């Protein structure tokens, strides 16, 4: 995997074995701290990340930015790879926020998503053997939003690659609303189509925004991977 940003550095993989990645992405070592955490690979250092965190902290929303080393070669399905920029949102604190603060978080996270996605050459180039990589993958390998599940796994919101026609505010807002309702017990994994008994190969629960239903839904990485590979044959 190669990053085409200003640094010109080459990166391969992104499955994440660094302790910081494991801590914040894989959900084994610990849950996300209350608030928001942003973890980026060193090649994608950006002042916007720190401005985002500073704005949240100034409004009593705990936020922190960390970097992790540029990863080496990894082996896993493309959508399960930790993205180069990970934003982690803890679910519990959302229900403790007032309405105005909740809307402020939505705006800040939406703005960060848009500003990050529209940066030139933000998407890394993924290299793999024939049939392993979908050249028409609609989702970003650069940016995603993660959150804890009640079982200690991780939701990963797939973010569409940048397009003028994509309403990122709508996507981010729907995801935060889902997290809030999920923490309140108003919706469960089953309501988005996820059955943990049938998905034992990963602790990452992939989700996306369905524009037709205006709902967050589960994405089966195995079925999607098979469909993508069939299209390349």
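List of remarks:
- Residues of the range 141-173 classified as crowded, with 19+ Cβ neighbours inside 10 Å and part of a helix (DSSP H, G or I), total: 3
- Residues in the range 132-160 that are more than 11 Å from the chain's Cα centre (by Cα) and closer than 21 Å to residue 119 by Cα were compared, and the one that is modelled with the highest pLDDT is 138.
- If the condition is being assigned to a helix (DSSP H, G or I) and surrounded by fewer than 17 Cβ atoms within 10 Å (Cβ to Cβ), then the range 182-191 contributes 184, 190, 191.
- Per the conditions (1) modelled with pLDDT of 80 or more; (2) surrounded by 21 or more Cβ atoms within 10 Å (Cβ to Cβ), the sole criterion not satisfied by residue 16 is (1).
- Single condition residue 121 does not satisfy, out of (1) closer than 25 Å to residue 46 by Cβ; (2) part of a loop (DSSP other than H, G, I, E, B); (3) out of contact with any strand residue (DSSP E or B) (no Cβ under 8 Å at 6 or more places or on another chain); (4) modelled with pLDDT of 80 or more: (4)
- Residue within the range 178-190 that is touching a strand residue (DSSP E or B) at 6+ places or on another chain (Cβ under 8 Å) and modelled with pLDDT under 95 present: yes
- Strands (runs of 3 or more DSSP E) wholly inside the range 24-111 containing at least 3 residues that are under 21 Å from residue 182 (Cα atoms) and either in contact with a helix residue (DSSP H, G or I) (Cβ under 9 Å, 6 or more places away or on another chain) or modelled with pLDDT of 90 or more (or both): 85-89
The values are calculated or read from the model by the stated rules, or taken from the named source; none is laboratory data. Source: prediction; values computed, not measured. Please note: Cβ atoms are built from the backbone with ideal geometry, for glycine as well, and neighbour counts cover all protein chains shown.
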